[in-house]
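The values are calculated or read from the model by the stated rules, or taken from the named source; none is laboratory data. Computed from a predicted model, the values in this text were never measured in an experiment. Cβ placement follows ideal geometry from the backbone for every residue including glycine, while neighbour counts extend to all protein chains displayed. Surface areas here come from the heavy atoms of the whole protein model, side chains and all, with no ligands, DNA or RNA. Shrake-Rupley method; radii C 1.70, N 1.55, O 1.52, S 1.80 Å.
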Amino acid sequence: MYGAPHTFFPVPGVATCTHIVEPAMPVMLPVSTFVSHCQPMTARPRLSHSPFLIALAFTFMSGPGVTAPASTLTAPTASATTSAAAARYDTRDVIFSPVRAVNGMVASESALASRIGVDIMRQGGNAIDAAVAVGFALAVTLPNAGNLGGGGFMLIHDAKTGRDVALDFREVAPESARRDMYLDGAGNLRSGASLYTHRAVGVPGTVAGLLKALDEHGSLPRAKVIAPAIDLARKGFPVGQTLADMLATEADMLGQWPATRRIFFKDVIAACTPKPCTGDKQSIPLAAGDILRQTDLAASLEAIARDGAKAFYEGDIATKLAAEMQRHGGGITAADLKRYKAINREPVVGAYRGNRIVAMPPPSSGGVHIVQMLNILERYPLGDYGLGSAQTIHLMAESMKLAYADRSEYLGDPDRTKVPVAGITSRAYADVLAAKIDARRAAPGATIRPGNPLPYESDQTTHFSVADKQGNVVSTTYTLNLNFGTGIVAEGTGILLNNEMDDFVSKPGVPNAYGLTGGDANAIAPGKRPLSSMTPLMVFKNGEPWLVTGSPGGSRIITTVLEAVVNAIDFGLNPAESAAVPRFHHQGLPDVLRVEKGINPDTRRILESMGHTIKVQAVMGRTQTIEIHDGVLYGASDPRNPDGLTAGY
């Protein structure tokens with residue numbers, strides 16, 4: 001069913017519960033309102049036991065020193081009829097079931113947005129129409145990451161032409177940007193200057209990118225695709241617990257801007273004693289269950305639906321954005337907005353165990369380095385080493401260190417910097433790097449330096465994946481950078497503004513908000529796009545789309561997506577199983593192998609004995625994945641975000 005060698009294939013005619021989700025009532029209801037159905041699944045006999053099942057059994061059931069008692073009895077032989085019945089009974093070993101659909105599917109971090117995308121396809125739209133509708137809807141329902149005031153990347157497979165397109169709508173530095181713009185007179189970084197000020201904002205690309213995709217690959221009118229987002233913004237929707245928690249966490253940052261407070265805060269009367277008394281009025285963030293209405297954002301969306309990208313980059317919205325910048329010493333001008341262009345690029349292409357990998361090229365660093373790491377890992381039989389084994393984690397972590405070392409040296413905006421993509425993704429270069437890996441010992445992070453690929457030259461973010469029955473697939477990651485970006489809403493627009501300027505190297509060798517360092521290739525310059533870890537990705541099997549995935553997560557995006565690919569190809573996990581596996585990450589410096597809870601303590605001890613410094617930290621990434629087999633779509637939204645939903649029909 002899932003198209004990998006160790007995957008469960010149910011017996012024909014046996015009904016299995018696949019948790020197909022459909023809205024039980026209109027879209028404005030709380031996200032938990034959906035129904036689940038049991039449906040029969042097309043099947044073939046399974047080939048072998050799932051390594052995921054074995055790994056979970058060892059992780060959660062075994063303990064040190066526990067062995068099975070030796071039997072002194074000979075087991076009785078069952079009759080042929082009994083054996084056949086037992087075989088039919090014991091056919092299912094899928095622990096987490098993906099959503100199943102045949103006509104169209106959307107996986108995103110917002111149930112409301114996913115349902116909007118599915119509804120667009122029900123109305124005759126294709127996957128690109130649905131993806132654009134989801135992108136605009138997430139600007140309403142997921143304000144910490146979904147956006148009009150940020151930027152991102154979109155990978156499109158056009159079934160009609162067979163082309164793969166990499167759409168770059170990354171933000172750019174304004175013309176006023178300078179290499180040393182965040183340094184004080186002594187050459188030191190000014191705290192927060194690249195994160196929480198108007199000078200931290202790059203020229204947004206989201207509106208240009210989404211509408212370019214719609215114009216070139218969509219089939220429905222712009223107004224029809226944007227209408228659901230307008231409706232949500234104007235009518236409002238109940239705040240979920242996850243968003244409420246983020247608003248509370250970021251209250252100090254958000255609360256300093258009046259336009260932001262008017263949208264995401266409410267006035268309450270504080271309790272007072274003794275009675276009778278009059279309490280003071282206080283402004284606090286919206287709580288779970290409160291209705292979030294965004295009338296200014298609805299008006300901005302209406303202008304975009306009516307006038308297209310021109311409304312944002314030259315019209316009334318542009319005027320308001322430029323005025324906001326001028327009032328607060330920001331760098332973006334009306335001329336910067338008018339100059340902005342989204343760009344079609346050629347994807348990065350690689351291969352892994354007979355599968356074709358298609359990923360985003362620079363200024364994304366993700367595609368280049370995933371192909372690089374897969375080239376290194378292909379020489380190792382990871383499937384034999386086992387899911388979650390110390391050997392598998394060690395080899396993947398060592399590959400990660402080598403890739404991140406090259407990232408710090410060579411990656412940047414390809415329009416301004418010579419990025420040795422062919423060299424980094426070369427198999428000959430992978431051979432050189434793999435020779436540096438000791439299969440039994442971790443290399444200290446401080447000793448790893450960027451390699452030389454030139455001779456071979458020939459956190460908050462969100463992701464959504466979409467597929468339709470015609471074979472079109474879309475993988476999109478876009479962002480404001482940190483949660484809510486700068487926290488600044490441009491007056492009169494309802495649009496939160498990014499802080500993507502922090503993704504440039506403000507000072508060589510000094511880490512950014514995600515602990516990443518860099519050099520001249522990613523230095524600040526006017527009109528330049530900052531380097532990104534966003535990694536929308538597709539895998540093709542026998543020439544057809546097979547896996548569509550991506551994730552938010554800052555510097556951990558690349559390793560999260562790498563693990564999703566390895567989980568699917570090497571270990572035969574379906575999207576739901578893969579999303580549930582504990583993740584790990586190493587970026588060289590700091591020299592720490594970061595892991596999620598759930599990695600077996602015995603495994604951690606083995607890794608420590610190999611020289612790794614282990615830290616169990618917060619969860620990493622939130623994948624949105626769709627797999628396609630024989631015309632059937634199987635998808636899953638990462639359980640690390642309870643608000644996410646994969647929906648299909």
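Looking only at strands (runs of 3 or more DSSP E) that fall completely inside the stretch 605-649, which ones have 2 or more residues that are at pLDDT 95 or above, under 21 Å from residue 464 (Cβ atoms) and out of contact with any Cys (no Cβ under 6 Å at 6 or more places or on another chain)?
Counting at least 2 such residues, we get 624-629, 632-637, 645-648.
Criterion applied to 288, 303 was being in a loop (DSSP other than H, G, I, E, B) and either at pLDDT 95 or above or charged (D, E, K, R) (or both), and the one residue passing it is 288. Of all residues in the stretch 408-428, those that are over 23 Å from the mean Cα position of the chain (by Cα) and assigned to a loop (DSSP other than H, G, I, E, B) total 7. Just one of the listed residues (540, 504) is at pLDDT below 95 and either under 21 Å from residue 346 (Cα atoms) or open to solvent by less than 10 Å² (accessible area, probe 1.4 Å) (or both), and it is 504.
Filtering 592, 581, 632, 566 for residues that are open to solvent by 10 Å² or more (accessible area, probe 1.4 Å) and in contact with a helix residue (DSSP H, G or I) (Cβ under 7 Å, 6 or more places away or on another chain) leaves a single hit, 581. For the stretch 372-388, filtering for residues that are part of a loop (DSSP other than H, G, I, E, B) and touching a helix residue (DSSP H, G or I) at 6+ places or on another chain (Cβ under 7 Å) leaves 5.
For residue 185, indicate whether it is at pLDDT below 95, open to solvent by 10 Å² or more (accessible area, probe 1.4 Å) and not polar (S, T, N, Q). When the stated conditions are applied, residue 185 passes them. Within the stretch 286-321, which residues are among the polar types (S, T, N, Q) and closer than 14 Å to residue 210 by Cβ? Across the stretch 286-321, the qualifying residue is only 300. Whether any residue in the stretch 443-460 is farther than 30 Å from residue 381 by Cα and either open to solvent by 60 Å² or more (accessible area, probe 1.4 Å) or not acidic (Asp, Glu) (or both) is what I want to check. Checking the stretch 443-460: at least one residue is farther than 30 Å from residue 381 by Cα and either open to solvent by 60 Å² or more (accessible area, probe 1.4 Å) or not acidic (Asp, Glu) (or both). Residue count for the stretch 384-416, restricted to those that are among the hydroxyl-bearing types (Ser, Thr, Tyr) and surrounded by fewer than 21 Cβ atoms within 10 Å (Cβ to Cβ): 2. Quick one: count up the residues across the stretch 188-223 that are open to solvent by 20 Å² or more (accessible area, probe 1.4 Å) and either at pLDDT below 95 or within 21 Å of residue 505 (Cβ to Cβ) (or both). Qualifying residue count for the region: 9.
Results for (1) out of contact with any Gly (no Cβ under 8 Å at 6 or more places or on another chain); (2) of a type outside the set (D, E, K, R); (3) more than 24 Å from residue 224 (Cβ to Cβ), shown as yes or no for each residue.
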{"residue": "251", "(1), (2), (3)": "yes, yes, yes"}
{"residue": "254", "(1), (2), (3)": "no, yes, yes"}
{"residue": "260", "(1), (2), (3)": "no, yes, yes"}
{"residue": "271", "(1), (2), (3)": "no, yes, yes"}
{"residue": "275", "(1), (2), (3)": "yes, no, yes"}
{"residue": "300", "(1), (2), (3)": "no, yes, no"}
{"residue": "307", "(1), (2), (3)": "no, no, no"}
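Could you list, in sequence order, the residues of the stretch 340-371 that are farther than 30 Å from residue 572 by Cβ and either open to solvent by less than 10 Å² (accessible area, probe 1.4 Å) or not in a strand (DSSP E or B) (or both)? Within the stretch 340-371, 340, 341, 342, 346, 362, 363 meet the criteria.
All conditions in (1) more than 30 Å from residue 112 (Cβ to Cβ); (2) under 20 Å from the mean Cα position of the chain (by Cα); (3) at pLDDT 95 or above hold for residue 512, with the sole exception of (3). Do we have any residue at all in the stretch 421-433 that's modelled with pLDDT of 95 or more, of a type in the set (A, V, I, L, M, F, W, C), open to solvent by 20 Å² or more (accessible area, probe 1.4 Å) and touching a strand residue (DSSP E or B) at 6+ places or on another chain (Cβ under 9 Å)? Among the residues of the stretch 421-433, at least one is modelled with pLDDT of 95 or more, of a type in the set (A, V, I, L, M, F, W, C), open to solvent by 20 Å² or more (accessible area, probe 1.4 Å) and touching a strand residue (DSSP E or B) at 6+ places or on another chain (Cβ under 9 Å), which makes the answer yes. Meeting the requirement of 1 or more residues that are more than 30 Å from residue 265 (Cβ to Cβ) and among the hydroxyl-bearing types (Ser, Thr, Tyr), the strands (runs of 3 or more DSSP E) wholly within the stretch 469-568 are 473-479, 544-549.
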